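The values are calculated or read from the model by the stated rules, or taken from the named source; none is laboratory data. Computed from a predicted structure; not experimentally measured. Here the Cβ positions follow ideal geometry from the backbone for every residue, glycine too, while neighbour counts run over all protein chains shown. Protein only, heavy atoms only, side chains kept; ligands, DNA and RNA dropped before computing areas. Shrake-Rupley method; radii C 1.70, N 1.55, O 1.52, S 1.80 Å.
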Number of protein chains: 2
Amino acid sequence: MRWTMPSDKVPEAWFNAAPHLAAPLDPPLHPATKKPVGPEDLAPIFPMALIAQEMATEPWIDVPGAVLDILRLWRPTPLVRARRLEEALDTPARIYYKDESVSPAGSHKPNTAVAQAYYNKQEGVARLTTETGAGQWGSALGFATALFSMECKVYMVRASFEQKPYRRVMMQTWGASVEPSPVDEPGHPGSLGSAISDAVRDAASRDDSHYSLGSVLNHVLLHQTVIGLEAKEQLQMAGEERPDVVIGCCGGGSNFGGLALPFLPDPEVRLVAVEPSSCPTLTAGRFDYDFGDTAGLTPLLSMYTLGHDFVPPPIHAGGLRYHGDSPIISSLVRHGRMQAVAYPQGKVFEAAVQFARTQGTIPAPETSHAIRAAIDEALLAKEQGRERVIVFGYSGHGLLDLQAYDDYLGGRLDDQ
Amino acid sequence: MRWTMPSDKVPEAWFNAAPHLAAPLDPPLHPATKKPVGPEDLAPIFPMALIAQEMATEPWIDVPGAVLDILRLWRPTPLVRARRLEEALDTPARIYYKDESVSPAGSHKPNTAVAQAYYNKQEGVARLTTETGAGQWGSALGFATALFSMECKVYMVRASFEQKPYRRVMMQTWGASVEPSPVDEPGHPGSLGSAISDAVRDAASRDDSHYSLGSVLNHVLLHQTVIGLEAKEQLQMAGEERPDVVIGCCGGGSNFGGLALPFLPDPEVRLVAVEPSSCPTLTAGRFDYDFGDTAGLTPLLSMYTLGHDFVPPPIHAGGLRYHGDSPIISSLVRHGRMQAVAYPQGKVFEAAVQFARTQGTIPAPETSHAIRAAIDEALLAKEQGRERVIVFGYSGHGLLDLQAYDDYLGGRLDDQ
């Protein structure tokens, strides 16, 4: 069963998590002075509207009409009951997933890319720069800027640029310009850290350009809350009073936050972030101020971190290979309102293939972390003989990650 | 604007075109005796239920509940108004598209794959064989057999097997076994003809196996009519009395037929098939009996054909590279109820990129033929200053065809 909603049901206001936190977030610190950053520090690379959202305390923030118009190209996304998976598991649990894979870029990322492109365009910015690893975020921003007739420059980690051309082609199809990073070291395979440096340097050096980030920051999570807001309404349509647990994969936190934050006001709903064992930020990191990038150019954020010089192994869930995490998610985990679990990728792909063979669609490796945790919750419910309502985020499809499936099915996957 | 419908709105009966034809179809002829084939000739490779549907004359045929249950995983598919494309074209026409790309396999193909797997399973068949070129059909059948816990053996044209591994991986993820064809000539690049021969020979030689075909035949088009039936209802929701024109890309005819056939009863609705200039079956072929495969193993069908030994050039719209066409579509074109147009692939990709940069999603090369024709209809409406309602079939996404976009954007596309 799938619950769809007409286009006019896209939420018209975003849910701000700030009023629901146990304590205000620690302020970001300037990388040089180590003093709290103000709007003027951020203005060279972000529009004022987003800087304001980053610090906003009101509970709801209106979604502009021009943003709604574009979100309605694919939203509301379906909420699906995974009945065939339930049957395969023989569980008394009811499993639902919120399907963000139906967006043009194939993931939840466009929810914020569209909003960021809009606010920049409103303030007269003609060109956005960003970094991308495997390409999910870069393609989302490429899509969004195309629809606002803006220029887009994506610095792509060179190893991905050379080995995984499909995401690059997607971005170019939308008209984005893609360049391998680091730009000044042609032989270097690159890293997300180097690509951030290239993108920020580019934006800061040109009057017509700003920089855009696809996760971690408060305004990014804010834009993603359309996911959870829709899911709550669809659960009502499905006759569920509330879920027992809401599960999402978590790298920088935008997918998990987007689904989970709107459930914050109900203390009965358990919220679970899932990360890879090889990059266990929330489950094994320390809570501290740290840089967002490896080079130390960004403000210091108060968050769980593995250290900004941590280099995660090359697992297939590229979107979860981040040393830090969103300050909002970090705060909620620290205060016990959210939990985190970690899985090795072998167990994750086992779940992905079980999902594909029962529900039919092939999930992204990132998404499969949430599927693994949802299956384990359902199996626990079976063991305990308890009904449970499980909701997880289907953050993206795996159609551009089929190499990972080939490695798994061929026994070539490193089970980290 | 998108018009979605709840799961219980999937049509519960298929629309049979047979009663709406100007004359009964010519019977298929046995390849050896050249006499009309009977059910007993087809029984070694098809289940009786599908043979009966192939020859059915009743106007409606019930969709089995187990088939509906699976179709409801992604159906009804959305009908979308392409407002942003309309604005870019500055046309008075209203353009709608029926989005079949949301299926697990990414195209309309699963609509019949699910039904075929079901009827075979009902008659005790444990294993299906088929051929696939670029992999769209093979992946649809791999998906369908996974959901019915059947075995699936796909003979894939060797050149595609080696050069385009992603579709192979998709099929394997669903549990299908994929083998390069021709099986007995390891150095040969293969062809759809050789793959059909391998698949038919396999199915005929084993008691537990049948063969499955993804287009051309009457029962395949029948299963696809859910597309047009839903679209008619969604057009009503959108406030449209009727479309002026319905457009679909046409290779073997299952996509175009699925959308267009339910509009047959209304003579005011123009129906337009779009094919590649390099494989112009309907626009430049002759109407005659011909084999369905290159080797001459299948029954002779009465259809438009370029000759069963015609070898189309290697264009990117692999799904449209077929020498023949569905007997139903052929008959309707011959009697003037349907029209056909042909386009070279350069013009087709130009339309594809314009679509991606306005509506946001990246279409399959096959689908882009319909987009090209829809754009030209809209431009004609502008020239004539006339309102028009244009509906086209968005048969599949282009996420596994990005190499084609890379070639187009890089100026390496052969404009045939």
Shortest first and in nm, the label-point separations between A:P92 and its counterparts in the other identical copies (7 Å out along Cα→Cβ) come to 6.5
Amide H neighbours of B:R94 at under 5 Å, excluding residues fewer than 5 places away on the same chain, with H built from the backbone geometry, are B:R388, B:V389, B:I390
In terms of the alpha carbon gyration tensor, root eigenvalues a ≥ b ≥ c, rounded if a/c is under 1.5 and otherwise prolate when a/b exceeds b/c or oblate, the protein assembly as shown is prolate
Quick tally, 1.4 Å probe accessible area for B:M1, A:M170, sorted with the most first, runs B:M1, A:M170
A correct Karplus calculation of ³J(HN,Hα) over the range B:236-245, with 6.51 cos²θ - 1.76 cosθ + 1.60, θ = phi - 60°, whole Hz and x for Gly and Pro, returns 4, 4, 7, x, 9, 5, 7, x, 6, 8
FRET efficiency for A:R286 and A:E185 from the Cβ-Cβ distance with R0 = 35 Å, rounded to 0.05, comes out at 0.65
By the C-alpha gyration tensor axes a ≥ b ≥ c (rounded if a/c is under 1.5, else prolate when a/b exceeds b/c, else oblate), the shape of the range B:152-274 is prolate
The local net charge around B:L222, scoring Lys/Arg +1 and Asp/Glu -1 for residues other than B:L222 whose Cβ lies under 13 Å from its Cβ, equals -3
Helix B:365-384 sits off the longest principal axis of the Cα atoms of chain B, rounded to the nearest 10 on a 0 to 90 degree scale, by 30 degrees
In order over the range B:209-222: 3J(HN,Hα) from phi, Karplus 6.51/-1.76/1.60, θ = phi - 60°, whole Hz, x for each Gly or Pro, gives 10, 10, 10, 9, 10, x, 7, 6, 6, 4, 5, 5, 5, 3
At q = 0.14, 0.19 1/Å the base-10 log of I(q)/I(0) from the Debye formula over the alpha-carbon atoms of the range B:356-416 is -0.49, -0.80
On protein heavy atoms with a 1.4 Å probe, the accessible surface that disappears when A meets B, both sides summed and given to 100 Å², is 3600 Å²
The long-range amide H neighbours of A:C152, using H built 1.01 Å from N in the peptide plane and a cut-off of under 5 Å, are A:L128, A:S177
If labels are modelled 7 Å from Cα along the Cβ direction, A:D309 lies from its partners in the other copies at nm distances, smallest first, of 7.2
With a 1.4 angstrom probe the carbon and sulfur portion of accessible area for the protein assembly as shown, in percent, totals 50 percent
Taking a ≥ b ≥ c as the square roots of the eigenvalues of the Cα gyration tensor, with a/c under 1.5 meaning rounded and otherwise prolate when a/b exceeds b/c and oblate if not, the range A:265-336 is oblate
Among beta bridges assigned by DSSP with both residues in the protein assembly as shown, the antiparallel ones amount in percent, to the nearest 5, to 35 percent
Here, B:R334 and A:E87, labelled 7 Å along Cα→Cβ, have an inter-label distance in nm of 4.3 nm
From DSSP H assignment alone, runs of 4+ in chain B each adding -39500 (n - 2.57), the sum over residues rounded to the nearest 500 puts [θ] at 222 nm at -11000 deg cm²/dmol
With every protein chain in place, the accessible area of A:I61 for a 1.4 Å probe, in Å² rounded to the nearest 10, comes to 20 Å²
Residues hit by the 50 Å² burial cutoff in the range A:367-416, accessible area with a 1.4 Å probe, assembly against chain on its own, are A:L399, A:L402, A:D406
Sorted by chain and number, the residues with a modelled amide H under 5 Å from that of A:R270, at a separation of 5 or more or across chains, are A:V245, A:V246
Rh (Kirkwood, all Cα-Cα pairs) for the range A:15-113, Å, reads 17.4 Å
In nm, the gap between the two label points placed 7 Å beyond Cα toward Cβ at B:Q163 and B:K35 is 4.5 nm
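Using a 1.4 angstrom probe, figure out how much accessible area chain B has per residue, in square angstrom, rounded to the nearest whole.
Dividing the accessible area of chain B by its residue count gives 34 Å².
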For chain A, longest principal axis from Cα atoms; helix A:110-122 axis from its Cα atoms; angle between them, nearest 10 degrees, is 30 degrees
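Take every DSSP beta bridge whose two residues both sit in chain A, then give the antiparallel share in percent to the nearest 5. Show your work: numbers first, answer last.
Values: 18 of 52 bridges.
If we restrict to bridges inside chain A, about 35 percent are antiparallel.
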Distribution output for the range B:179-248: share of Cα-Cα pairs per 5 Å bin in percent, first bin at 0, values 3, 12, 15, 14, 12, 10, 8, 8, 9, 7, 3, 0
For B:E162, the accessible surface traced by a 1.4 Å probe with all protein chains present amounts, in square angstrom to the nearest 10, to 130 Å²
Under the Karplus relation with 6.51, -1.76 and 1.60 and θ = phi - 60°, whole-Hz ³J(HN,Hα) for the range B:285-297, x at Gly and Pro, equal x, 9, 8, 6, 6, 8, 6, x, 10, 6, 7, x, 8
The answer for the per residue Cα convex hull volume of chain B, in Å³, is 126 Å³
Taking A:V341, A:V272 and ranking on accessible area (1.4 Å, protein atoms only), highest first, one gets A:V341, A:V272
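Where does the charge balance sit around B:T281 when Lys and Arg score +1, Asp and Glu -1, over other residues with C-beta under 12 Å from its C-beta?
-2
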